[in-house]
1. Packing-wise, with mean Cβ within 10 Å as the measure, how do 285-294, 206-215 rank, highest first?
2. When N is the residue count of region 118-232, what does its C-alpha Rg come to as a fraction of 2.2 N^0.38 Å?
3. Let's see if you can work this out: charge +1 on each Lys and Arg Cβ, -1 on each Asp and Glu Cβ, no other charges. What is the dipole magnitude of the chain about its Cα centre, in debye to the nearest 20?
4. Calculate the dipole size of region 203-311 relative to its Cα centre from +1 charges on Lys and Arg beta carbons and -1 charges on Asp and Glu beta carbons; express the result in debye to the nearest 20.
5. For the cross-link pairs LYS160/LYS386; LYS28/LYS103; LYS306/LYS437; LYS77/LYS103; LYS49/LYS437; LYS218/LYS386, which exceed 30 Å when the distance is taken from alpha carbon to alpha carbon?
6. About the Cα centre of region 319-421, how large is the charge dipole given +1 on each Lys and Arg Cβ and -1 on each Asp and Glu Cβ? Please answer in debye to the nearest 20.
7. Please label the shape of region 382-442 as rounded, prolate or oblate, based on the square roots a ≥ b ≥ c of the eigenvalues of the alpha-carbon gyration tensor (a/c under 1.5 means rounded; beyond that, a/b larger than b/c means prolate, else oblate).
8. Give the whole-number value, in cubic angstrom per residue, of the convex hull volume spanned by the C-alpha atoms of region 339-385.
Amino acid sequence: MKNTAKSDPAAPVREVNVPKDWNPESWKNFPALQQANYPDREALDAALKKLASLPPLVTSWEILSLRDQIAEAQAGKRFVLQGGDCAESFEECCSPLITNRLKVLLQMSLALIHGLQMPVVRIGRFAGQYAKPRSSDLETRDGVTLPSYRGDIVNAFEFKEATRIPDPQRLLQAHAYSAMTMNFVRSLVDGGFADLHHTEYWELGWLDHSPLADEFQKLTESLGQSLRFMETITGRDVGSLRRVDFFTSHEALHLHYEQAQTRQVPRQWGWFNLGTHFPWIGMRTADLDGAHVEYFRGIRNPLGIKVGPGMDRDWLSGLLEILNPDREAGRIVLIHRMGEEKIDEYLPPLIRAVADTGSPVLWLCDPMHGNTESTGDGIKTRRFRKILGEMELAFEIHLANNSRLGGLHLELTGENVTECTGGARDLSDEDLKRDYKSTVDPRLNYEQSLEMAMLIVRKHRQGI
Ligand code: PEP
Ligand code: CO
């Protein structure tokens, strides 16, 4: 049905078709993969009851505003930047890490706005990215077998029985840490980043190490000039943001947690997941008749779907049919993560399959998850040139197939960790040992992230 309303708190009701035979618990009638096994069911029920009574983290009008912005991105009028840690941890819910992560995302977005000449929708992978899918339920070390670490929302990484048993109290902690993160991000967005538009304060020491130093120097200067020019003519600080200029996302994997955040609101139809603006569904849990797809079908948030080489045309078309039966704009974002070596073969048939459905989608490229490898020493890493390579190919493949790449999905941090190799400083396998912090996937560091944004701008200028 047509959306006519503007997304603000006074927006009139948007009439939509509410899915039949659905309620926030109906997922329980379907096989649910990747769920924690809680030995104490009573404690779980008590925690969920409490969780369901706590205030939500986001509002329905912010969610609808994001839907509108995604619809505009689908129409080629916006570009999306989604990024953050592979997994957040309770321990890392602290001021400098949150500030630096937000800073790098905002700086990247300014480079992209300037370079692509287009507004950028910023979506953080945080304030709820606490649950991780695992290849096995159990982990064995030195003859001892314990439940796998499923993210801080379920258990602790430390390999001890007491910390690996799923603990329902962690659901409440995850909500609290998400709320703290959200609160701090909102405060920063509201006023803490006034100097963001002064590129002279950016940390750009790495530029000197880049083979493109001169070109990047010029780009940074022209970015600074154009931001100052905009400020002069509009009288407004371009670095300033409004609340709806930053959104959050996480993989909606832990269905009990997501259900407890799923609410109805006055004056809007249907149900919203008020724990995040933009939940996504991983491919491991995207079975057409699985519990996750059942859950996602009923909420009105925009939805991300991860698409890997194992997904075929029928599966993807089936997902679109179930998750967006009315072919609404702004509803579906497909995040492909093929790997640099596979994207050429696997993406084009899926682009065609989606076009055949007539369902509007926004395509994002996640160039991280298809390019994970291990060094000789067994350290999990990703090569900067492969990440960039997949992204460049993604732009070209969409163009050649009458489609458009509408954004990026990156795992990154604002710290100068050494987890991915390459980049301007040409980090080696040996460098990975210096400052490797991730317990899950390797992330681009501050410098590599900014460099990636500038390389995308460069590619764009070459006419992708
Ligand atoms: C992730 O985004 O952290 C992730 C697990 O991705 P994927 O499901 O695409 O492997
Ligand atoms: Co990851």
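Just so you know, all these numbers are worked out from the coordinates, no wet-lab data involved. Everything quoted here is computed from the prediction, not taken from an experiment. Neighbour counts are summed over all protein chains in view; Cβ atoms, including those assigned to glycine, are modelled from backbone coordinates with ideal geometry.
1. Final packing ranking: 285-294, 206-215.
2. On the way: Rg = 22.1 Å, N = 115, 2.2 N^0.38 = 13.4 Å.
Normalised Cα radius of gyration, region 118-232: 1.66.
3. Working: 54 positive and 64 negative charges, 279 e Å.
That gives a dipole near 1340 debye.
4. Working: 11 positive and 13 negative charges, 139 e Å.
The dipole magnitude comes to about 660 debye.
5. On the way: LYS160/LYS386 37 Å; LYS28/LYS103 40 Å; LYS306/LYS437 25 Å; LYS77/LYS103 24 Å; LYS49/LYS437 35 Å; LYS218/LYS386 26 Å.
Table pairs above 30 Å Cα-Cα are LYS160/LYS386; LYS28/LYS103; LYS49/LYS437.
6. Numbers: 11 positive and 17 negative charges, 21 e Å.
Here region 319-421 has a charge dipole of around 100 debye.
7. Details: a/c = 3.48, a/b = 2.28, b/c = 1.53.
Judged from the Cα gyration tensor, region 382-442 comes out prolate (a/c at least 1.5, a/b above b/c).
8. Values: hull volume 3.9 nm³, N = 47.
Residue-normalised Cα hull volume stands at 82 Å³.
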